[in-house]
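Q: I have a structure here, written as structure tokens, and I will follow up with some questions on it.
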Amino acid sequence: MADCLFCKMLTGAIKPDVVYENEHVLAFRDINPQAPVHVLIIPKKHIATINDLSDDDTLLAGDLFIATKAVATLTGIADSGYRTVMNCNADAGQSVFHIHLHVLGGRHLAWPPG
Ligand code: 5GP
Ligand code: ZN
């Protein structure tokens, strides 16, 4: 998608601070971190929202969580703990319409979220 910010990171047109990458996903630091560790994990396939996932995306959805383990280990928050969040549409505040899993850690995270 030519006009998608996160697709531009996949093509290299924009160069994020990459933490982890494999065949299926790219993980990079959020530009406006909400915790000492705030990483976004995106699939290498453009999918706008969770609502747009199809049955063919089962492995892709799992890849995001498998990559989370690597990101947590690489950023040193696997044992202290962390939260994963994927916002969908307006009420959740989704602002980039290429699905991404937020990985937040490095401090205590309150619950419930705002
Ligand atoms: P959403 O609100 O859609 O769940 O999350 C989008 C996230 O993308 C936000 O946390 C925002 O800070 C992050 N973001 C927006 N623009 C950029 C950018 O250009 N680079 C990086 N690394 N993160 C971005
Ligand atoms: Zn995209």
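Q: Residue by residue through the stretch 43-69, note down the ones that are out of contact with any Ser or Thr (no Cβ under 9 Å at 6 or more places or on another chain), in a loop (DSSP other than H, G, I, E, B) and either of a type in the set (Ser, Thr, Tyr) or touching a residue at least 40 places away in the same chain (Cβ under 8 Å) (or both).
A: Matches in the stretch 43-69: His46, Ala48, Thr49, Leu53, Ser54.
Q: What are the residues in the stretch 77-114 that are open to solvent by 50 Å² or more (accessible area, probe 1.4 Å) and over 17 Å from the mean Cα position of the chain (by Cα), if any?
A: Selection gives Asp79, Ser80, Ala90, Asp91, Arg107, His108, Ala110, Trp111, Pro112, Pro113, Gly114.
Q: Please go through the stretch 15-34 and give me each residue that is part of a loop (DSSP other than H, G, I, E, B) and open to solvent by less than 60 Å² (accessible area, probe 1.4 Å), ordered by number.
A: Pro16, Asn22, Asp30
The values are calculated or read from the model by the stated rules, or taken from the named source; none is laboratory data. These figures come from a predicted structure and were not determined experimentally. Don't worry about glycine lacking a Cβ; one is built from the backbone with ideal geometry, like all the others, and counts go over all protein chains shown. Heads up: the accessible areas ignore ligands, DNA and RNA and are worked out on the full protein's heavy atoms, side chains in. Shrake-Rupley method; radii C 1.70, N 1.55, O 1.52, S 1.80 Å.
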